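> Submitted below is the structure of interest, expressed as structure tokens.
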Amino acid sequence: MTVTLFEAASAVTERPSYRVLWGWEHDKLEAHLLRLDQEDRYRRFGAHLSDAGIRGRARRMHRRGTVILVALVDGAVRGTVEVDFSSTGVERPAEIALTVERAYRGRGIGGRLFAAGRMAAVNRGATELVLSTQLDNRAMRSIARRHGMRWQSDGNELQATLSLPRCAARDWLQEAGFHGRAFLAQRVSFAGIRQAASALQARPRVALAPLRRARHRLASAAMGNPAAAA
């Protein structure tokens, strides 16, 4: 994929926002993954996937036990972190994988996404974070090193692990912010609310004056004033 100087310059001027990606937004995820070139597709999935293969992966990535957080620029997903919690058992790890489009690298997006993925893993009780990548993936190795991960090499593959602490209140609050931004990002139509409000306004009004008079008579009778109660 060729990135023009104009696209690269635009990427520098726009500030990314971060939030969780809902399952029904797989079209945003698909568009991001389709923009990856073959080299980046191989780094992410370990295979040279066609566009059809990318579309299939995008639909399956929001499976049970997976959380996806994204970096958006002007409404488009430009980076993702996928955290897979499908492992079971008391000492269960969480697997993490990142992608950032080439024109948007060097801006700290990968580091922010990694921190968000770590937060999601901690909040769900994972005891360890696992990251697998190729030996020549310097960007990923740099991110993992900055976050204190331990490396093990197996030929051309590298696996990094990070022991996770127990969840703290600040982690829950931070993730609540991610979910809140995701909720606010959705376009909410207020037509139904307006219709309901109009229907309520159109309902017959209850005549309150007779009720007030009856309440007054009952109170007077209770105080021993039969004339006022009549």
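The values are calculated or read from the model by the stated rules, or taken from the named source; none is laboratory data. Source: prediction; values computed, not measured. We place every Cβ from the backbone using ideal geometry, glycine too, and count neighbours over all the protein chains shown. Note: accessible area is taken over every heavy atom of the protein model, side chains too, but ligands, DNA and RNA are not part of it. Shrake-Rupley method; radii C 1.70, N 1.55, O 1.52, S 1.80 Å.
> Being at pLDDT 90 or above and in contact with a Phe, Trp or Tyr (Cβ under 9 Å, 6 or more places away or on another chain) is true for just one of 81, 77, 100. Which residue is that? Show your work before the answer.
Working: 77 fails: in contact with a Phe, Trp or Tyr (Cβ under 9 Å, 6 or more places away or on another chain); 100 fails: in contact with a Phe, Trp or Tyr (Cβ under 9 Å, 6 or more places away or on another chain).
On inspection, the qualifying residue turns out to be 81.
> Further, regarding this structure: Go through the residues of the stretch 37-57 one by one and say whether even a single one is aliphatic (A, V, I, L, M) and part of a strand (DSSP E or B).
No: the stretch 37-57 contains no residue that is aliphatic (A, V, I, L, M) and part of a strand (DSSP E or B).
> Another question about this same structure. So how many residues does the stretch 27-36 have that are in a helix (DSSP H, G or I), more than 15 Å from residue 97 (Cα to Cα) and open to solvent by less than 70 Å² (accessible area, probe 1.4 Å)?
Taking the stretch 27-36 first, the residues in a helix (DSSP H, G or I) are 27-34.
When the remaining residues are screened for being more than 15 Å from residue 97 (Cα to Cα), the result is 27-28, 30-31, 34.
Narrowing further to those that are open to solvent by less than 70 Å² (accessible area, probe 1.4 Å): 28, 30-31, 34.
Total satisfying the criteria: 4.
> Answer yes if at least one residue in the stretch 44-57 is crowded, with 17+ Cβ neighbours inside 10 Å and among the aromatic types (Phe, Trp, Tyr), and no otherwise.
no
> Condition (residue is at pLDDT 90 or above, open to solvent by 20 Å² or more (accessible area, probe 1.4 Å) and under 25 Å from residue 43 (Cβ atoms)) applied to the stretch 85-93: is it met by at least one residue? Step through it out loud before you land on a result.
Taking the stretch 85-93 and keeping what is at pLDDT 90 or above, we get none.
Within the stretch 85-93, none of the residues are at pLDDT 90 or above, open to solvent by 20 Å² or more (accessible area, probe 1.4 Å) and under 25 Å from residue 43 (Cβ atoms).
> Determine whether the stretch 65-84 contains at least one residue that is part of a helix (DSSP H, G or I) and surrounded by 14 or more Cβ atoms within 10 Å (Cβ to Cβ).
no
> Something else about it: Tell me, please, whether a residue that is without any contact (Cβ under 8 Å) to a residue 24 or more places away in the chain and open to solvent by 10 Å² or more (accessible area, probe 1.4 Å) can be found in the stretch 96-109.
Initial filter on the stretch 96-109 (without any contact (Cβ under 8 Å) to a residue 24 or more places away in the chain): 106, 108.
This time we only want the ones that are open to solvent by 10 Å² or more (accessible area, probe 1.4 Å), so: 106, 108.
Checking the stretch 96-109: at least one residue is without any contact (Cβ under 8 Å) to a residue 24 or more places away in the chain and open to solvent by 10 Å² or more (accessible area, probe 1.4 Å).
> Name every residue in the stretch 146-182 that is free of Cβ contacts under 8 Å to residues at least 60 places away in the same chain and in contact with a Phe, Trp or Tyr (Cβ under 8 Å, 6 or more places away or on another chain), in order of residue number.
If the condition is that a residue be free of Cβ contacts under 8 Å to residues at least 60 places away in the same chain and in contact with a Phe, Trp or Tyr (Cβ under 8 Å, 6 or more places away or on another chain), then 147, 158, 159, 160 are the ones that fit.
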